[in-house]
Structures are given as C-alpha cells and as structure tokens.
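Shown next, in structure tokens, is the structure this report addresses.
Read the figures in this text as sums done on the coordinates, not as results from a lab. Just so it is clear, the structure is predicted and the values come from calculations on it, not from any experiment. Cβ placement follows ideal geometry from the backbone for every residue including glycine, while neighbour counts extend to all protein chains displayed.
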Amino acid sequence: MSLSKQLLVLISLIFLIVFSVSFYLSMNHIRNYLEVESEIHVQDTATSLGLSMSPHMDDEQDPILETMMNAIFDMGYYKEMRLENVDGEELVKLSNPVQMEGVPDWVITLLPMKTATAMSEISSGWNISGTLYVTSNPAYGYLKLYQQAKETLLYSAVVFIAAFVLLMLVLRLTLQPLKAIQKQANEISGGNFTTISKLPWTTEVRHVAQSMNGMSKKIGDTIARLNNRLDALNDSLKRDALTGLFNQATFNVDIKRALAAGDSGHVFYFKFDDLSDISKQLGNHKVDKLLQGFADVLQQGVNELGTVYRLYGSEFALISPSSDVNSITVLAEKLKHDINSLGQEFNLEDMIHMGIVLFNKTSEFDRLMPALIEAYEQARNIGHNAYFIQQESLSSMDELAWKAAIQHAIDNHTPEITFTAEAYNYSGAVPVKVMQEAFTVVTDRDGKELAIGTLFSVAQEFGMAEELDKLIVNKIIQRMEKDGFNSPVTINLSNKSIASTNFQQWLAARLEQTTLPAQLLAFSVTAYAAAKDITAFDSFSSFVESLGATMLLKRYSPDIIPIDMLRGLHIDYIRLARDLTQDIRGNVSKPDFLELIQEVSSLIEVKVLAESVTSDDDFEIVKQAGLFGISR
C-alpha cells in the first residue's frame, strides 16, 4: 500500500473514531435533554389539567372530565392519561399505542429513552378528590432524536468528504516529490545518474532529495572516472607498446567480426625477413626506430583505407575493406615505394615482403593465416620488398554449396547441440555452476563439420538465419527439458533474428509451452553485433526481460559498448573477450582492468563471466578479481 493511501486510511480512521465518540456523546446529551423536557412537559400538563378539572370533581360521573382529558390527549404527545378517585378507583383512562414510524431500530437500540410519568392531585375545596396521571409518548422524542442524528451525519459526511478531498490534494502536493525521488532511484538503478532540479518544499522530503542528488552525482562521477580508467586500460591492452598499433589479439577479433558480418576485403601480411640479423647490424635502439618508422609508413599509407596491426616482433598486418584488386594493387605499390624509402634511411635494401589475401563471407578464419604465410613466401620469390596477391577463396565451399548445406541442415534437423564453457562461481567454499553455453555442431551431407561462424554469415546473407535459429533454440530447449537443467544456458542468436518481430512472436509462444524456468535461458549476441544495431538489440533485450529470461553479451570489451550503457540495455551478463583473461601476468594492465570492470559492473548490477581461462596463474588472478563466473 502506498504512503498516501496509508495516510488517508490512518487519518480517516482517526476522523471516524473522533466523529463516533462525538456523535454518541452529542446524541446522548440530546436524549437526556428530551427526557428532561418530556418530564417537565407532562408535569406541566398534569398540573394545569388537574387545576382545570378540580371544580368538576364533585361529580365523578361528570362527562366534562373525560372531555377535558380528551382535548389535551388528542394532541398526541401522550401515551396515557388516567384519572383515579380518592379511593384509587379508575374514573377515566385514555391510552395511545406508541408508533415509531420513520425511526430506524438502531436509534431505539442505541439510544433508549425513558418514558416520563407525572402525577397531579385534584382538590375539591379543601379535600383531595382524585389523582391525575399523565405519561409521555416517547415516539416524538425518538423522531426528534433521529432527525438530529440525520442532520449531524449529513453535515459530518459533507465535512468529511471536503476534508478528504483537501487532504488528498495536500498529500498529492506533499508526496509528489517522493515519486520524483522514486523515479530518480530507478534511473540510478538503470545506470542513469540523474538529479532532481526542482527540490520539494517539505523540509524532510527536501533533505531526502538533496541526499539522493548527492548520492547520484557521486556514483555517476565514480562510474565515469572508472570508465575513463577502463577505456585507457582497454586501449592499452589492444595496442602494441612500441609502435602504438593494434596487437595480435585485436587483429584476430577484428577479422572474425568481419567474417561473421559477411564483409569482404583484403588482408595484408608484412614480415621483416630477418629482424634478428638487422638487430645485429643496427642495434636494438635503431631497430626500435625502424619498427616505429615502418608503423608510421603503414598508417600514413593507409590513412582511412584500413586498420594496421603489429602481430609479433617482425610481423605486421593490415585489414582493408576494399575487395577491388586494382585498388589493392595501387595500395601495395605505394607501400612498396615507402618501404624502399624507409630502407634507404637505414641502409637496408631488402627487408620486408607482403602477402595479400582476399576474404569474403564464405572465408574460414582457420585458413586465413596459412594463406597469408603462403602469399608472403610467394612474395619473397618475386624480388626486393615485393608483394603477392592471392585471390583464391579461403573457403572449402562456394556460396551455393554453403546455401545447400544450410538448407539441408534446416530441412533434416541435423544440427546437434553440445554444452560447453561451464562457468563456476568460486566465491563460496564449493564452486557453483552459474552458466554454460549451448554450442551447435552442423555437418554437411558427408558428415564433415562446418565452420559455425561462416555458416551463420552465409545464412544471414541468404535470409536463412532466422529459420536456423528457431531450429537450434527449439533443440536446446528440448534437450534442457529432457536432461533437467538447473543452471542457465547461453543461447547464441543472429542479428537477423533479434531484429525480427516474427522471431520474437515465435519465441514467446515457444516459451509458453516449455516447463523450463525462463531465467535458465540466457540469450546471447556478440557485443560487436549488438553495437551495429543498438536500437534493435535494446528492443530485443526488453522483450527478453518481459519473458523472464536473461540477456548476455559475449566477446565484450568496453571499447565496443561503454559499460555504463549496459544497464540501460537490459543486460544481465557480459562475457569478456578471451584475450582479456589470457596471459594476465604478462601484461600489468590486465589485473587492474579486471578489477575495474568488476567494480563498475557490480554498481550497475551486471554479472561478469570469463571464458576459457586455461592457465592456473591466470585463473588465480581472475578468481581474485571476484568475477561472477569463470570457465576453464
């Protein structure tokens, strides 16, 4: 019950108690007054009538006696009149039944009135000749009492309603700021650290609002400060310390994203043929200058045409979104010219060769690096600082073969479900399983396992991803029902499905049929995919929340989606990119990064998972960071 309702009920109850006591006392006083008035009235009647009848009492049979009594009795105010002679014999008796018409029983029950009886002795000369008894009729007293009660109740009801309405208005004005404070608290819980600009006039509520504003500002400033540190640490984790270029882990993530998105382009692979020999000739300091100079050559030569990476000591890479071989050839020639110029500065004639490979939506990541090395070796056979462009597909199948394989999987329900990446919470004495991932295995007609990333990339291209997702989700739910799962399971979805109204309707209907608790289903997309269409993702997350299920972002890093945005996107879990939880001791920034991301996520109530922490050293550091779940 709301505070305003509680106050209204309390004040109404107090009013009712006060009114009831006041009403009863008032009615009781009125009753006593009517009883006294009735006694006085009947006594006056008996006295005056007795005096009037006194001259006629010589003859007890005189009809004038009854006539005089009837004249007074017919007024109706009396219940009974009785005349007795001196011997106690009844001479005249008049009676009138008590009729309480229009008076409810509760008045008579709660406020009973005494019947007043008066006596007057009648004298003839100096002798008493008779006695007159007059009894009042209580009906008139009850009627007057009832009329008074009705008027009192009516006016009291009018006053109560007016006071109630006034009280509601006052409470509304007084408690309205509490709604603003409640909204502010919800905003803070959602990661929006707002303040109340219009402070309430009630002193106590004003102090609460000021405290809330202060708390909101402090938390917001804290998270902003932590986010800035996270951004700085995350950027340092993604870059090579010497050249400032992106590193090997970032290259792997970016090329996988491009393949998953169905993009096409070319990958350049650069390698110093013998960096150790150059180091012997020039010394470590000049080698560092050489590497930095080569990084500048790549960045200046590429501009905004691609992204440059340093993979290892002597290896560099470039991802270009251009799939036109002519423009790639022009870029390669320019880079060759710049490399020759750099070599002349250090008296090096032949130092770098380039292998260039085409990729598209059917390309397989596992085939990329071997193809790049092969192209590099071809370039070494061409000449000084030469390049070689390989246009052959990195896929084991062409597009039509992929489409046929996907259609076969859908038509024959061939995808198989396995459960991997079991994550445990290690905060207690005994590890508790908190998440596992449903992994899909799809094979072609010959039973050969297909690359799942390429499979979904092609499926989205041909508009088959939604049907494939429906099939896989249905199989996962059936398997969970059969095996009696009691811990959440990550279910991966494609961008096409989360943006589809038809898929949402199907999913809602499917969850109505299952006996599984909805909170065991953690629907997942990559952070990169969510960032590409944040509106569709936000809408789907809200939909999942309405079903009682949960939402997980995998391969998460703060540079893709700022962590303070997650609560507003209805995220329940994030699973960090693998490179953030591997080789932690080899990078001094990673432990600080993990502690910061855990601290910020706990403030916005998002659970953090770490995936595939294989090293014992890394595991101990991740465990100490207090992450919600760790898989090994």
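So here's what we get for this one:
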quantity: Centre separation in Å (Cα based) which lies between the stretch 58-122 and the stretch 207-284; calculated: 110 Å
quantity: Sorted by Cβ neighbour density within 10 Å, fewest at the top, the residues 551, 369, 464; calculated: 369, 464, 551
quantity: Full-extension gain in nm, residue 329 to residue 614, via 0.36 nm per residue minus C-alpha separation; calculated: 98.4 nm
quantity: Net charge over other residues, Cβ less than 14 angstrom from the Cβ of residue 350 (K, R count +1; D, E count -1); calculated: -1
quantity: Mean residue ellipticity (222 nm) of the chain, computed from DSSP H runs ≥ 4 via -39,500 (n - 2.57), nearest 500; calculated: -18000 deg cm²/dmol
quantity: Overall Cα dimensions of the stretch 399-631, principal axis frame, Å, largest first; calculated: 49, 38, 36
quantity: Set of aspartates and glutamates near residue 336 by C-alpha distance (under 15 Å), chain-local residues within fewer than 8 positions excluded; calculated: 273, 296, 345, 349, 350
quantity: Calculated diffusion of the stretch 194-254, Stokes-Einstein form, Kirkwood radius summed over Cα pairs, 25 °C and 0.890 mPa s, µm²/s; calculated: 166 µm²/s
quantity: In the stretch 198-255, the trypsin sites (Lys or Arg not before Pro) that fall in loop regions by DSSP, at most 14 other Cβ within 10 Å; calculated: 198
quantity: Estimated FRET transfer efficiency (residue 148, residue 12; beta-carbon r; R0 30 Å; 0.05); calculated: 0.80
quantity: Estimated FRET transfer efficiency when R0 is 51 angstrom, pair residue 322-residue 427 (beta carbons, to 0.05); calculated: 0.55
quantity: Neighbour cut-off at most 10 other Cβ (10 Å), DSSP loop, chymotrypsin sites (Phe, Trp or Tyr not before Pro), the stretch 42-138; calculated: 126
quantity: Cβ-Cβ FRET estimate between residue 510 and residue 605, R0 fixed at 22 Å, reported to 0.05; calculated: 0.20
quantity: Stretch in the chain that is longest and holds no GluC sites (Glu not before Pro) that DSSP places in a loop and that have at most 11 other beta carbons within 10 Å; calculated: 393-632
quantity: Cα pair distances in the chain, grouped into 10 Å bins until the bin that holds the longest one, percent each; calculated: 3, 11, 15, 15, 11, 8, 5, 5, 5, 5, 5, 5, 3, 2, 2, 1, 0
quantity: For the stretch 327-420, the spread of Cα positions along each principal axis, largest first, Å; calculated: 63, 31, 19
quantity: Chain lengthening between residue 187 and residue 127 when straightened (0.36 nm per residue, less Cα-Cα); calculated: 11.5 nm
quantity: Extension reserve of the residue 305-residue 345 stretch, reckoned as 0.36 nm per residue once the Cα distance is removed; calculated: 11.8 nm
quantity: Share of Cα-Cα pairs in the stretch 3-162 lying beyond 22 Å, as whole percent; calculated: 54 percent
quantity: Simple label model, 7 Å out from Cα along Cβ direction - residue 386 to residue 414, nm; calculated: 4.3 nm
quantity: Between the stretch 438-503 and the stretch 562-602, the alpha-carbon center distance in angstrom; calculated: 27 Å
quantity: Residue 367-residue 499 pseudo-label distance in nm [points 7 Å out on the Cα-to-Cβ vector]; calculated: 2.7 nm
quantity: Convex hull (Cα only) mean projected area of the stretch 248-390, reported in nm² to one decimal; calculated: 7.9 nm²
